[in-house]
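The structure appears below as C-alpha cells.
The values are calculated or read from the model by the stated rules, or taken from the named source; none is laboratory data. In this text, all values refer to a predicted model and were calculated from it rather than measured experimentally. Glycine also receives a Cβ, built like all others from the backbone with ideal geometry; neighbour counts cover every protein chain displayed. With ligands, DNA and RNA removed, areas are computed over all heavy atoms of the protein, side chains included. Shrake-Rupley method; radii C 1.70, N 1.55, O 1.52, S 1.80 Å.
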Amino acid sequence: MDFEKLWPDLEWVIDELKDGMSFFEGYVTSIAPNRIAAGVSKIDEAAVRCDYHQHLWSSVVVQADQVQEYSPEEYEKRFREEQIVLFYVDYEKKITGNTFNFKLVIEENDAPSSTSLEILCYGEAVLNSRSPKAAVEKVILECCDLCELFEGDALFIGPDTIHYPRSKDDKLQEWTRII
C-alpha cells in the first residue's frame, strides 16, 4: 500500500471528523468465517483493552445463554449456527504513541456463505494527534492488518454510511478500495 498515492482519496476523513463525524469506516466485503475466533484472540493479545462479549443475539436464544461469557471459539460457533446475528469486538490499540478505539461488526451478508467485517475507527484519537494525516495512515494500516487477519478479499475505506460495497469489484463513490 502506498499511502501517499491514496491520500488524495482519503483526506476528506480529517475534514469530516472536524465537522462532527464521530468515526470513519473500513469495510471488508468477505472474510473467512472460520477465522473469527483466531482473529479475536489475536486482537485481544495486542490490544490495550478488548471486549468481545456483547453481541446481537438471535431471537431463538434464551436470555440465560446471552448473559454468559464464552471463549472466542464458542462465540464463533454460535455465530456460524446463527445464534449470534452481529458479532461485536470493541478494542483499544496503541499504535506508535496513539491509542485508537475500534469497533468491529461481523455479520452474514445476503449472499450465501458471505461474511463481512465492518471496522469503525472513532475519530477522537485522529483529531487529537500531532499529525492527523499520520494518524489516518496508522488506522489504514490497522485496517489492512485486520483484512489479512480475517482473510478478507478486499478492504474499502469510507464514511459513516448505510451503503456498503457488496463485492470486491464494487465502485461506490464514497468508498476507496485499499486492497
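Could you list, in sequence order, all residues of segment 3-37 that are in contact (Cβ under 8 Å) with a residue 60 or more places away in the chain, over 17 Å from residue 136 (Cβ atoms), in a helix (DSSP H, G or I) and of a type outside the set (Lys, Arg)? So that I can check it myself, show each step before the final result.
Here is the first cut: in segment 3-37, the ones in contact (Cβ under 8 Å) with a residue 60 or more places away in the chain are 3, 6-7, 9-14, 16-18, 21-33, 35-36.
Still in the running and over 17 Å from residue 136 (Cβ atoms): 28-33, 35-36.
Now restrict to residues that are in a helix (DSSP H, G or I): 33, 35-36.
Passing the criteria: 33, 36.
Picking from 74, 45, which residue would you name as being among the charged types (D, E, K, R), open to solvent by 60 Å² or more (accessible area, probe 1.4 Å) and either within 22 Å of residue 164 (Cα to Cα) or not in a strand (DSSP E or B) (or both)?
Working: 74 fails: open to solvent by 60 Å² or more (accessible area, probe 1.4 Å).
Testing whether each residue is among the charged types (D, E, K, R), open to solvent by 60 Å² or more (accessible area, probe 1.4 Å) and either within 22 Å of residue 164 (Cα to Cα) or not in a strand (DSSP E or B) (or both) leaves just 45.
Is it true that residue 117 is buried (at least 17 other Cβ atoms within 10 Å of the Cβ) and in contact with a Gly (Cβ under 7 Å, 6 or more places away or on another chain)?
Values: buried (at least 17 other Cβ atoms within 10 Å of the Cβ): yes; in contact with a Gly (Cβ under 7 Å, 6 or more places away or on another chain): yes.
Here the answer is yes, as residue 117 does meet what is asked.
Taking the criterion of being open to solvent by 30 Å² or more (accessible area, probe 1.4 Å) and in a loop (DSSP other than H, G, I, E, B), the residues of segment 125-141 that qualify are 130, 131.
Scanning segment 142-177 for residues that are in a helix (DSSP H, G or I) and open to solvent by 80 Å² or more (accessible area, probe 1.4 Å) yields 145, 148. Scanning segment 76-116 for residues that are out of contact with any helix residue (DSSP H, G or I) (no Cβ under 7 Å at 6 or more places or on another chain), modelled with pLDDT of 95 or more and aliphatic (A, V, I, L, M) yields a total of 2.
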